[in-house]
Structure formats: C-alpha cells, structure tokens
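Visitor: The following block contains the structure, expressed as structure tokens.
Coordinate-derived values only; no laboratory data. The shown structure was predicted, so the numbers you read here are calculated from the model rather than taken from an experiment. Note that each Cβ is placed from the backbone with ideal geometry, even for glycine, and that neighbours are counted across all protein chains shown.
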Amino acid sequence: MSHRPIRILATAVLAVTMGVGAALAQQPKSGGTLRVYQRDSPASASIHEEATYSTNVPFMSLFNNLVMFKQDVPQNNDASIIPELATSWAWSADNLALTFKLRDGVKWHDGKPFTAADVKCTFDMLQEKGTEKFRKNPRKLWYQNVLDVVPNSATEVTFKLGRPQPSLLSLLASGYTPMYPCHATPAQQRTKPIGTGPFKLVEFKQNEVIRMVKNPDYWKPGRPYLDGIEMPIITNRSTAMLAFMAGKLDMTFPTEVTAPLMRDIKSQMPKAVCVFGPSNVNENLIVNREKPPFDNVDIRRAMALSLDRKAFIDILFEGQADIGGSLLPPPNGVWGMPESQMRDMLGYDPDIAKNRAAGRAIMEKLGYSATNRLKVKVSTRNIPAYRDPAVILIDHLKEIHIEGELDPVDTSLWFSKVARKDYSVGLNLTGNAVDDPDQTFYENFACKSERNYSEYCNPELEKLFDKQSSETNVEARKKLVWEIDRRIQDDVARPVILHIHAGTCWAPELRGFTQMVNSSYNGYRFEELWLDR
C-alpha cells in the first residue's frame, strides 16, 4: 500500500549523492548569509510552546540540546544520537536513572554561564513544577515518566525515572527539546529568545522577516560557517518558488516543494540540488468527539469509511506518498506497521466502493440522505499543504451524505484553536518529531495530552502505551506497537489519510544540508552549512 517516487526520487537522490560527494571533496568556507524563505509567520519563537516546524526551522539554530541527532544522517535512530551540551551519558544498572556529564564553559547568548541548573529549570517548566509557566505546553506528556531532574554539580545532572524508558534519549535529541536558561522568562523566549546555539536572533518581524547572525562565542570551535541567516516570510508558495528560481534565495523552505514544483525548478535550474521523500508528517482527519452529532461513534466510523487514500496520493503527490497507520511505515520508518497488517483496519480495505457503501448505510440509518445532508465546517490551517487535502476531504465526505464547507484558519491561531477543541471536523497535518511510539502515542492519543485534538481517551489502551514504552526488546515492542496502532485506527481516534512525501531544493553553492526522512523537526541546527562562493 505504498506509493513511492521513481524518476523524480532517483534524480533527487543522485543529485544529493553528487552534492554530498562534492562537499566532502572541498574544504568548508566561512562567511556569507544563507537566504531561505519562511513559509508563514510563526506564533512565537519559543520552540517548547509551539507545535509546528515553522518554529523549528528558523529558531532551532538559536539553541542546543543535551544530545542531538546527527545532522548529516537522513534517518534518525538511536545510533545517530550524539552529545551536544552533554559530553557523555550513562544509564544506571536498573535503567531508572540517566546521568549526563555537561560541557563546561558554555555561555548563553547574553554571556551568562550554562549549568546543570538550567537543565533542571527547563524540565521544571516542561513538567509545570516551577514558578515560571509556559503559555502552551504541547509536549508535557513526553516527560511524564521523569520523576525528577537532579543537578549533581554545575556540570552533571541526573534524570530519575518511574520506569525504564528506552526512548528517553531520542526524545531529548529532538529539535523540540532545547535547553532554556533559568534567567529568561517564557515570555522573553517567545519574542527575544536566549540560547546557547550557533546563531543569535537579530530581528523577528511578524509577517515580514526573521534574521539571525553568527554567535561569536559559540562553544564549538570554527562553527558556524555562515555569518548569518535571513528568512523573508513569503506565504504564497508560488511566489517563493519564483524567488528561488530567480536566485534571490539559496534554499526553499524545507519539505515545501511538491512534485510538480520540483519539475519546474529542475527545468529552469538544472544545477539545483533537490531531494524528495518522506518526513514523518501525516495528513489526518480530526473529529471533535465532544460535539454532537460527532459524539456518535457511528458517524465517525462512516467518515473513516469515506476516505480514498490512493486518490489523495494520486492527486496531491502524483502517487508519491505512503499509506500507513499512526507511525511512519518502513523502510524509512523504524516502527511503522507492515503493509500486510493494514488491510483489515477500518477504512483500509482497497475496495473503496464497498467502504463507502457501508458508510452511506450507517448515515442513512441515522436519517441522512442525498437530500438531507449533514452540514459541517471543515477547519484547516490556511496554507496550501493543509488547504489542498481539505478540499479533497470535503469531496470524499459528500459520498456519505456530509456537506462540508472549508474553514481556513491562520497559522497563528490554528494550533490554539484545535487544542481548545474549537472545531467540529478538521483536516490536520501531524508531524512526528521523533520516530518513536512514545512520542506518537502519548502526544497524540493520551487522555490528558494538549495535542490530543480529537479528545480520544482510552485508559485501558494507555496502559499498553506504558507497557510498550518499558519494553527493551525491540521485536517484542514492535508487536505491542502494531496492536496499539490497530486499535487506535479502529477506534477512529484520528484517521491517518497518508504519510506525505515532499521536497527541498537548494542552490548548488549551498553545502551541508541533509533532509531527514523520518522527522521534519530535527535537522535545522545549520552550524555545518556553508556557501561555496
């Protein structure tokens, strides 16, 4: 049930391979300003408070994590985790404590020293234990198993856990887990953030531009190579692509290039380096289970039966996307369900006519018909990646007597709107910041998660979340994960339509960028990028 790129992907992979080979053969140069457009205006610069890579792409370069995924490895996995603000780590014999040795001499952008106290302050805010509070806290449940973060000295800190949790290192390596300073308030981090990263923020003008400059006191010798980064905010994708092809930009916004746009770019800029593939972002149907009549499970089941996943893929991605459950399917995904196990899930039977007939029968039993349609607004974020599939969703819902009206919502309002459940039906994109079941299950389907937009709550299934999380045997864990995912899909918790494929293009003079295949959130430290000019 996978639909994979052939010619375009092969060209892209060849171009990237050639680009990487050329980069390896040359010595990186210092200097220059990277110009990459920003697709929309992020609500704030505070990575911990936002839920979009419209925040990670520009602002990840301001910060550091304790550990991070190697920036030149496309697939994030345990083997690609390396030290950053930590120099090393060690588990206790019972796997209930994880201790980090910290890098000495690191300074925040304002010159104050980074210490273990800052690590504790960061996690006190994430766990809502401190006096300072985040306005939004979408990933609080990532760290619910962390009982305490204990500074042993200025350069050592220990995470104490309630149970073993092999995924903790991966969660800490995500671009969503930067360290924040004790001396900066959450409000300050939203507009004038202070980090320890390779770049410092100079300007953040909503709807206009984001500018960063090189951090001259960065702790890593010789990095970053770039003098700065300039990101004009261009919300019209066609306008942005024309600016790139005209040489006004060095790089497109990551994973924003569609297959047709990539053809246009390559025809006009044959030397451009482009890569097209998965990024662990899925399109999904969200339904507010608390709002009548969608509190009726039968209506939600009928909606799931209306979906023609292949049609979405053919129209939006020219056949170049994947069908899967909540986790990215293999081979790019580490934990996704095999194709052979998907067909029996609700709505995954490839016989679309049979599915829709069953969906119509459900709706007609409830009194709906071609002359008495259920009318609903279909809310979505007002950018092409959301609007385009929402239009197709509306068309599919007509097949089961539901008449939808598109309700586009500005980016600055979208995540707050769905988090407070101010919608009935929506088309959403869910990016999994870490390719690990803990991130996917707890963040999107746990009863108390801020990002559980559909109000799905199954306490018994949540016990299985904990069970798989503690399992150290990979194959045993996979079997648990697949069973959980099957139940999530059959419960119509948040029907996954498809896992998208998308592309990034950059000028041949730009070196050092790697598009990650199983996360669109972790690859923007930008300290290794350089311009061959």
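Visitor: Quick one, which of (i) 4, 19, 30, 27, 16, 4, 1, 0; (ii) 3, 12, 13, 12, 11, 10, 8, 8, 9, 7, 5, 2, 0, 0; (iii) 3, 16, 26, 26, 17, 8, 2, 0, 0 is the actual P(r) over Cα pairs in 10 Å bins from 0, in percent calculated for this model?
Guide: So the structure-derived entry is (i).
Visitor: Given N residues in segment 395-527, what is its alpha carbon radius of gyration divided by 2.2 N^0.38 Å?
Guide: Working it through for segment 395-527, the quotient is 1.28.
Visitor: Around Tyr218, what is the net charge, scoring Lys/Arg as +1 and Asp/Glu as -1 over all other residues with Cβ under 10 Å from its Cβ?
Guide: +3
Visitor: Here's another thing I want to ask about it. How high is the relative contact order of the chain? Use alpha-carbon pairs under 8 Å, at least six apart in sequence, and give a whole percent.
Guide: 24 percent
Visitor: Next question. Given the options Asn382, Leu161, Leu66, identify the residue whose Cα lies farthest towards the positive end of the charge dipole of the chain (+1 on Cβ of Lys, Arg; -1 on Cβ of Asp, Glu).
Guide: Asn382
Visitor: Can you work out the FRET efficiency for the pair Thr239 and Lys107, with r the C-beta to C-beta distance and R0 = 30 Å, to the nearest 0.05?
Guide: In this case the efficiency is close to 0.15.
Visitor: Then there is this: Quick one: net charge around Val496, please, counting Lys, Arg +1 and Asp, Glu -1 for every other residue with C-beta under 13 Å from its C-beta. Present the calculation step by step, with values, prior to reporting the outcome.
Guide: Numbers: positive: Arg309, Arg486, Arg494; negative: Glu283, Asp322, Asp485, Asp490, Asp491.
Taking every Cβ under 13 Å from that of Val496, the sum is -2.
Visitor: Can I ask one more? For segment 470-533, what is the largest minus smallest coordinate of the Cα atoms on each principal axis, given in angstrom and ordered from greatest to least?
Guide: 54, 30, 15
Visitor: Using the basic label-point model (7 angstrom from Cα toward the beta carbon), what is the Lys291 to Arg533 distance in nanometres?
Guide: Those two pseudo-labels are separated by 4.8 nm.
Visitor: Per the Kirkwood definition applied to all pairs of different Cα atoms, how many angstroms is the hydrodynamic radius of segment 196-303? Write out the running numbers ahead of the final one.
Guide: Values: mean 1/r = 0.0557 Å⁻¹.
Taking the inverse mean of 1/r over all distinct Cα pairs, segment 196-303 comes out at 17.9 Å.
Visitor: Could I get the Rg over Rh figure for segment 286-372? Both from C-alpha atoms, Rh via Kirkwood, rounded to two places.
Guide: Over the Cα atoms of segment 286-372, Rg/Rh equals 1.03.
Visitor: Sort 173-183, 495-505 by the packing proxy (mean of other Cβ within 10 Å over each peptide's residues), most packed first. If you can, show how the numbers build up before the last one.
Guide: Details: 173-183: 23.8, 495-505: 26.0.
Final packing ranking: 495-505, 173-183.
Visitor: Another question, if that's okay. Which whole-number percentage describes the relative contact order of segment 352-428, with Cα contacts under 8 Å and a sequence gap of 6 or more?
Guide: 39 percent
Visitor: For a protection proxy built on the mean count of beta-carbon atoms within 10 angstrom, sort 124-136, 264-276 highest first, please.
Guide: Packing order, densest peptide first, comes out as 264-276, 124-136.
Visitor: Could you sort the peptides 324-331, 337-344 by per-residue average Cβ neighbour count (10 Å cutoff), highest mean leading? Before the final figure, lay out the partial values.
Guide: On the way: 324-331: 22.5, 337-344: 14.0.
Highest to lowest by the protection proxy: 324-331, 337-344.
Visitor: Please report the net charge: other residues with Cβ closer than 14 Å to the Cβ of Ile400, K and R +1, D and E -1.
Guide: So the environment of Ile400 carries a net charge of +3.
Visitor: Something else: Under DSSP H, which helices of the chain have Cα atoms covering 18 Å or more of the helix axis and a Kyte-Doolittle average no less than 1.0?
Guide: 7-25
Visitor: Which residue, Tyr442, Val481, Asn280, has the largest displacement toward the positive end of the dipole of the chain when charges sit on each Cβ (Lys, Arg +1; Asp, Glu -1)?
Guide: Asn280
Visitor: Another question about this same structure. What FRET efficiency comes out for the pair Ala246/Cys457, r = Cβ-Cβ distance, R0 = 60 Å, nearest 0.05?
Guide: The calculated FRET efficiency here is 0.75.
Visitor: Treating only the Cβ atoms of Lys and Arg (+1) and Asp and Glu (-1) as charged, compute the dipole magnitude of segment 170-326 about its Cα centre; round to the nearest 20 debye.
Guide: Charge dipole of segment 170-326: 360 debye, to the nearest 20.
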